[in-house]
Structure formats: C-alpha cells, structure tokens
1. Quick one: which of 314-321, 214-221 comes out on top by average Cβ neighbours within 10 Å, and what's the full order, highest first?
2. Please check: in the Gaussian network model of the chain (C-alpha springs, under 10 Å), which one of Leu229, Leu330, Leu297 has the largest mean-square fluctuation.
3. For region 249-304 and region 1-79, what is the separation of their C-alpha centers, rounded to whole Å?
4. For Val42, Val411, give me the order by solvent-accessible area with a 1.4 Å probe, most accessible first, ignoring ligands, DNA and RNA.
5. Solvent-accessible area of His399, probe 1.4 Å, all protein chains present, reported in Å² to the nearest ten, please.
6. Evaluate the relative contact order of region 71-227 (contact order divided by residue number), counting alpha-carbon pairs under 8 angstrom at least 6 apart; express in whole percent.
7. Considering the options Gly166, Val195, Thr143, tell which one lies farthest towards the positive end of the dipole of region 111-214, charges being +1 on Lys and Arg and -1 on Asp and Glu at the Cβ, about the Cα centre.
8. Can you give me the relative contact order of the chain as a percent, contacts being Cα pairs under 8 Å and 6 or more apart?
Amino acid sequence: MRAHASILHLDLDAFFAAVEQRDKPSLRGKPVIVGGTGGRGVVSTASYEARVFGVRSAMSTREARARCPHAAYLSGRFDAYRSASAAVMAVLRACSPLVEPLSLDEAFVDLARADLPDLEVATVTGLAEELRARVREVTGGLTASVGIASSKFLAKIASDLRKPDGLVVIEPGTELALLRPLHVSVIPGVGPATVERLRRAGVHTVEELERVSQEELVRLVGKAQGLALFHLARAEDDRPVVADRETKSVSVEGTYEHDLTDRTQMAAIVTRQAGEVAKRLRAGGLSGRTVTIKVRLYDFTTLSRSSTLPAPTDDPATIARLARTLLEDLDTSGGVRLLGVGVSGLADWIQEDLFAGAAEEPEADEGTVVEAAEEPEQAGARWRSATWAPGMDVVHAEHGRGWVWGSGRGVVTVRFETAETPPGPVRSFATDDPDLERWRPPAQEQPAEQ
C-alpha cells in the first residue's frame, strides 16, 4: 500500500436511474428501474427508492416487477448517460492526468499526480469535497460517493461505506482496523456462493478470513480466488491507477452491484449491449470490423477478447453472435463485475451481405418484430410502433417535448415534461401519429472515442 491516502474512487449514485429522475420530474423520489423491460430483461440500475424493495442490478426484470410492481421501468437512454459521464470524467481529468475509468459511472483517480501541496488527509478530503460539488454542478444535480485510501481495493470499499452522496477517507495506518470487522462480502468477488462456502468454514468477517491459511483458502474457493482473498484480507493491493488508452471504438459496458455468475444471464446482457452498439454505429453512419468484449472479474482483473471480420458491419445480430462466442471462451466462474461490448476498426461503409442469413436476430426486450413478408407500408408502421421504448425522449408538434410512458395495442402514452419543467400532463396518441417523433439533442454527440 502507499504511504498516503492518494487513490480516489468516485462512484455516481444509482447512475442511470438518477439521470432518469433528473430529466423526468414526475419520477423524482419514486422507484425507477432501468434495463431490459421484457420478460428476459435484466436490471441495469435501480434507484434507491426501488432498492428498498430488494431490487438490485443484474436481477431479472421479471423478479424486479414481482418485488416492486409500482416502479417506473425504463429501457434507458445511453446518449444521456454518456453525456453525463463525459462531463464527470472531464472534471476528474482536470484534477489529475491519471484517471482510470471503470465504467460510465465510476473511476479511480491518482491524487499523487494531482497538483496538490501535499497528500495529508485534510488536503485530499478538501479536494474530494470540491470534486463532489463540481460533479453535482456539471451534471445538473447528480450525486457521487467518494472513497480515498492507500490502495484501489480500500478506496472502492470506502466509497461504498456511506452511499449515497458520501465521502470516506481511510487514514494511513487504520486500514486493517477498518477492514477487519466488515463482512467478507465487502471484498470484490465474494458473492453469495463464496459467502456460503466461507460460512461453512466458520468465516464471516474479514478478520476471520485473515486467519485462514493460503492453502486452506485455495481448497475452499479455488486457486485464483483463494490467492486473491488471501492478499485482500490483509489489505495487500499494490495495483497502480492506469489510464485507459484503447483505440477508437464505439462501446457499451455496465458494472454490476453483485457479481454475475449465470452464463445465460451474461449472454443476454452482451446481446443487449451489442444491439446498443449497433444503434450508435448507425446513428454515426459508421461500421466496424473488430468486435471486442471487456470482462472485469471479481478480483478486478480485466480481460478482453476480440474477433475481426473480413468487412465492416453495423448489424446487431452479427455483433451479438461474435460477442457471445468470445464470452464463451472466458473462465467467468469466479464472478464478473463488469461486462462490455465494443466495435473498433471503424469505417463509414457497410458490407450489406456479410453473414447474410447466417446470424439470428437477438431477442428484443420490448416492441414488435417486423415480419419480413409484410408490405413496406405495413412494415414501416409496425417498425414505428416498435420504436416507442419506455423512457425514450420524444417531441410532439403541438405539445412539445416529453418521454414515452408506455406503448402497446397501437397506442403510445407520453408524459410531457423535461428536466427544466414541473411534472407534466400525460397524453395518448396512435403509434403512427405523424406529429410525434423521437427527440434528439440539437448537437448530437459522436460515438465515444476511447
């Protein structure tokens, strides 16, 4: 560990849901769940109001609806999340040139590279307060929880201790005193299965885990996880903050509050992410040749695998198929805390017949699938109906801007409000109403360059 508490971890609180509550006044203070809204959907983020009912990230939407049926279930608006994330990362990079984003909503910052007079606790605490205030300002009111410590592991734990909107600085020399009383589940990768194995061995707290030999831990949970737990139980973590310097790409990724272990669930997540990447490629008039998956394991080890096509594509089925194949080759048995899909090797043209007829379409979370045998006019109308995803930004020629409350049976219901207005009225329209269309910011952002 470092001699000073000089690694900062910032985590935006319930990020996707918080952005939705910020932009939709009628949802403030109410349960909001963002993710796949269909029968096989997965919760990406739940607001703190929804978490009271036991809803959490990576839970199936079906179970979430059973626990919290009165919540607002939204399919998400990646452009809005990406814009807020970019603003936050700019604030962090203005503080230190060494910023390691973990996902859209969290990052490590090396304060040893910040322009500070010293790294004493009072100094880094003051800086953290300034950063949190600045984040709130640039995002229109979003809150962030911050932890500062002498290692990445401890900084991450510190940021979780007083969520939401908290700040914890672990003073050098107090690390083990803070860590030992905590439940073993605070350690990344210690999910329900590992907790149960450790419980059977009489291990409940980090202090009890510290007493277990390396050999016994390997026997209990396997070599990779056993070695990681042995060191983390002793607060041993010397990993540096490493800035992300990947090539230009379009990517989507998510970090999950509880480690993923279900392979079927992970395949469903990367399929949905591939669809979002394809949408962003098409919005930017781009295609790409190289499909990459990014996997961060329980012990923060980050793996990536890529596959390069003979020609560029923006086809969601092709991207999803390759992403699932790449995922199958990785050992994720210890648990996964982040999954992502990206496309690089960008071009401004598409090989239309690439893998034509060979790849299946990924299952949609909501909407209606357009049958290929339909007449063009019918297909166009049904496609328009399928685009009204819950939470989507729309604009009506008479009523102005709003968002999709829900749709079905040829009707779309819209609540007309924005972040700058009070809660607005609700109106329903035919799904093919020519006065209703999707709304996008006037200066649409280009696909992210990483």
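1. Averaged packing, sorted descending, gives the order 314-321, 214-221.
2. The residue that fluctuates most here is Leu330.
3. Spelled out, the Cα-based centre of one part sits 18 Å from the other.
4. Heavy-atom accessible area, descending, gives Val411, Val42.
5. Answer for His399: close to 70 Å² accessible.
6. Value for region 71-227: 12 percent.
7. Sorting the options by dipole projection puts first Val195.
8. Relative contact order for the chain comes out at 15 percent.
The values are calculated or read from the model by the stated rules, or taken from the named source; none is laboratory data. Every value quoted in this text rests on a predicted model; they were computed, and no experiment measured them. Virtual Cβ from ideal backbone geometry, glycine too; neighbours counted across all protein chains shown. Heavy atoms of the whole protein, side chains included, go into the accessibility calculation; ligands, DNA and RNA do not. Shrake-Rupley method; radii C 1.70, N 1.55, O 1.52, S 1.80 Å.
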